[in-house]
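For reference, the structure is listed below as structure tokens.
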Amino acid sequence: MNKKIIIFLFSSKNSTTSNDTSKRLINTGVVLYEKLFNKDIDNNYIVNKLNHPVRKIAHYSIYFVLGIFVYNVIYCMKLKYASIITLGICFLYASFDEMHQLFVNGRTGQIRDILIDTLGALTAIIILNLYYKKNKTEIL
């Protein structure tokens, strides 16, 4: 499925659903940890403590992957300034995505999230630039 569609679908979830998704993911990790290490820990405390960081890491990670996809498309097209074009596209999409959230019940558009998203894409761009320069390769 197209990465932009996935981002749009995540952003379309209301705040309760979005928050519950994050908490279920963390709770699954806690349960797995408890089973692997045979330890009981306070699930509610861990879930509430990690919910915000996990949500921000999700922003970063999704846009990291988007940055990889967009950069490779631009790179294959042999356009000049592939890095700048990719960063611009990812920044614009992050901005539009945050504006979209203003229309979703209980969600807010956050400039901080745009910056986190853009940083994820920028990290991917830097890594790909270093890789392609080091290996002097063309992608498929």
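Kindly evaluate V54 against the criterion of being closer than 15 Å to A121 by Cα and touching a residue at least 24 places away in the same chain (Cβ under 8 Å). I'd like the intermediate steps shown before the answer.
On the way: closer than 15 Å to A121 by Cα: no; touching a residue at least 24 places away in the same chain (Cβ under 8 Å): yes.
It is false that V54 is closer than 15 Å to A121 by Cα and touching a residue at least 24 places away in the same chain (Cβ under 8 Å).
Note on the range 72-90: among residues that are surrounded by 16 or more Cβ atoms within 10 Å (Cβ to Cβ) and touching a residue at least 40 places away in the same chain (Cβ under 8 Å), the one that is nearest to S18 (Cα to Cα) is N72. When the range 91-140 is limited to residues that are touching a Leu at 6+ places or on another chain (Cβ under 9 Å) and more than 20 Å from V65 (Cα to Cα), the one that is surrounded by the most Cβ atoms within 10 Å (Cβ to Cβ) turns out to be G109.
Among the residues making up the range 40-88, those that are small (G, A, S) and within 10 Å of the chain's Cα centre (by Cα) are A58, S61, G67.
Could you please let me know if Q110 is in contact with a Lys or Arg (Cβ under 7 Å, 6 or more places away or on another chain), within 29 Å of K13 (Cα to Cα) and not aliphatic (A, V, I, L, M)? Give the derivation first.
Details: in contact with a Lys or Arg (Cβ under 7 Å, 6 or more places away or on another chain): no; within 29 Å of K13 (Cα to Cα): yes; not aliphatic (A, V, I, L, M): yes.
Taking the combined requirement at face value, the residue does not satisfy it.
The sole residue among V47, V65 that is in contact with a Lys or Arg (Cβ under 7 Å, 6 or more places away or on another chain), more than 25 Å from I127 (Cβ to Cβ) and in contact (Cβ under 8 Å) with a residue 24 or more places away in the chain is V47.
For beta carbons closer than 8 Å, sequence separation of 6+ or different chains, a first residue in the range 1-19 that is more than 24 Å from N48 (Cα to Cα) and surrounded by 14 or more Cβ atoms within 10 Å (Cβ to Cβ) and a second that is of a type in the set (D, E, K, R) and modelled with pLDDT of 75 or more, the qualifying pairs are F8/D97.
Taking the criterion of being under 19 Å from K56 (Cβ atoms) and not polar (S, T, N, Q), the residues of the range 10-40 that qualify are F10, K13, D20, K23, R24, L25, I26, G29, V30.
With the structure loaded, tell me whether A121 is of a type outside the set (S, T, N, Q), on the phi < 0 side of the Ramachandran plot, touching a Cys at 6+ places or on another chain (Cβ under 7 Å) and in a helix (DSSP H, G or I) or whether it fails that test. Judged against the criteria, A121 is a match.
The values are calculated or read from the model by the stated rules, or taken from the named source; none is laboratory data. From a predicted model like this one, the values you see are computed outputs, not experimental measurements. Note that we place each Cβ from the backbone using ideal geometry, even for glycine, and neighbour counts take in every protein chain shown.
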